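Sharing a structure with you now.
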Amino acid sequence: MAGYLDRFVRRHLNALRLARWGTPATIEAGTPLVVYCNHPAWWDAAILILIGDRLFPERACYAPFDEAMLKRYGIFRRIGAFPVDLESRRGAAQFMTASRAVLSGPGRALWITAQGRFSDVRARPLGLKGGVGRVPEIAPDALVLPLALEYAFWEERGAEAFCAFGAPIRAGDLLALPRPERLARMEEALTDTLDRLSADVVARDPARFETLVSGQRGVGGIYDGWRRLGAMLTGRRFESGHRAARQEPDR
């Protein structure tokens, strides 16, 4: 599935970029891992799978998934998604039971879109779901990682996907806090990570990022075909990107 999504992202996005300051900390193989993130777009599931494949290849990854949507996209059940009913209180019990089972096994990671709904990256407060703050209760030895996600259009036809991890938080440290303060601590960490990532996205400087996936540049089709032919006939190197196209002399 990661291989399929890699090709899908390359075809439809320009790049998946990781902020250089936002590389995840090294985590011992036996330590349970919880990654919680914001939920800005439809692309999130695919992007999270690719991030997990690139940065945590040794871990089996699991994630809660809207029960109604999982019936439509059943393939995700086969790659670690478990159903949660977002429309009733039953969903909280589903989430806790499945999360406990996931984090009790070695070499596993639980990935949570902690807002539980699509939300703009600029929305404040983030409004994390309360169940996220209860995860330390079932995995006190886990490390908890905030992950910021954002999308933007830069200079190419396809959008850019951006990600950055914040500093890890020990679940035991969170467990020492009352639940409301625990959730506030997690929300603060994710907000800070999002704000720092957004500053890099606004700067539009690719040097601030490591490219995890590089997509198809240029317009494609007949237009790029003519440009490629023209480069061949004049002995120039063909560059499909928009920046290269802007630097070509007017005709």
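The values are calculated or read from the model by the stated rules, or taken from the named source; none is laboratory data. Here the structure is a predicted model, which is why all the values come from computation and not from measurement. Quick reminder, even Gly has a Cβ in these numbers, built from the backbone with ideal geometry, and neighbours come from all protein chains shown. Surface accessibility is based on the protein's heavy atoms, side chains included, excluding ligands, DNA and RNA. Shrake-Rupley method; radii C 1.70, N 1.55, O 1.52, S 1.80 Å.
T191 versus (1) within 18 Å of I112 (Cβ to Cβ); (2) touching a helix residue (DSSP H, G or I) at 6+ places or on another chain (Cβ under 9 Å); (3) open to solvent by 10 Å² or more (accessible area, probe 1.4 Å): which is the lone unmet condition?
Condition not satisfied by T191: (2).
Which condition number in (1) of a type outside the set (A, V, I, L, M); (2) free of Cβ contacts under 8 Å to residues at least 24 places away in the same chain; (3) closer than 22 Å to N38 by Cβ is the one that K71 fails?
(3)
Looking for whichever is open to solvent by 30 Å² or more (accessible area, probe 1.4 Å) and touching a strand residue (DSSP E or B) at 6+ places or on another chain (Cβ under 6 Å) here; the options are R17, R54, R11, R7. Which one fits?
R54
Which of the residues belonging to the range 111-132 are touching a Leu at 6+ places or on another chain (Cβ under 6 Å) and assigned to a strand (DSSP E or B)?
W111
OK, next. In the range 101-130, how many residues are over 23 Å from C163 (Cα atoms) and open to solvent by 20 Å² or more (accessible area, probe 1.4 Å)?
We begin by selecting, within the range 101-130, every residue over 23 Å from C163 (Cα atoms); these are 101-106, 130.
Subset that is open to solvent by 20 Å² or more (accessible area, probe 1.4 Å): 101, 104, 106, 130.
So the answer is 4.
So if I check each of A41, A45, A25, A60, which one is surrounded by fewer than 21 Cβ atoms within 10 Å (Cβ to Cβ), over 24 Å from V121 (Cα atoms) and not basic (K, R)? Before you say what the answer is, go through the steps one by one.
Numbers: A41 fails: over 24 Å from V121 (Cα atoms); A45 fails: over 24 Å from V121 (Cα atoms); A25 fails: over 24 Å from V121 (Cα atoms).
One residue alone meets the criteria, A60.
Given the residues L55, L18, which is the only one that is under 21 Å from D192 (Cβ atoms), of a type outside the set (K, R), in contact (Cβ under 8 Å) with a residue 24 or more places away in the chain and out of contact with any Lys or Arg (no Cβ under 9 Å at 6 or more places or on another chain)?
On the way: L18 fails: out of contact with any Lys or Arg (no Cβ under 9 Å at 6 or more places or on another chain).
After applying the criteria, what remains is L55.
Check A45 against each of (1) within 19 Å of the chain's Cα centre (by Cα); (2) free of Cβ contacts under 8 Å to residues at least 24 places away in the same chain; (3) within 27 Å of P168 (Cβ to Cβ) and name the one condition it does not meet.
(2)
Another question, if that's okay. Step by step: first the residues of the range 63-92, then only those that are within 19 Å of G3 (Cβ to Cβ) and not in a helix (DSSP H, G or I), then the one that is most open to solvent (accessible area, probe 1.4 Å). Which residue is that?
Here the answer is Y73.
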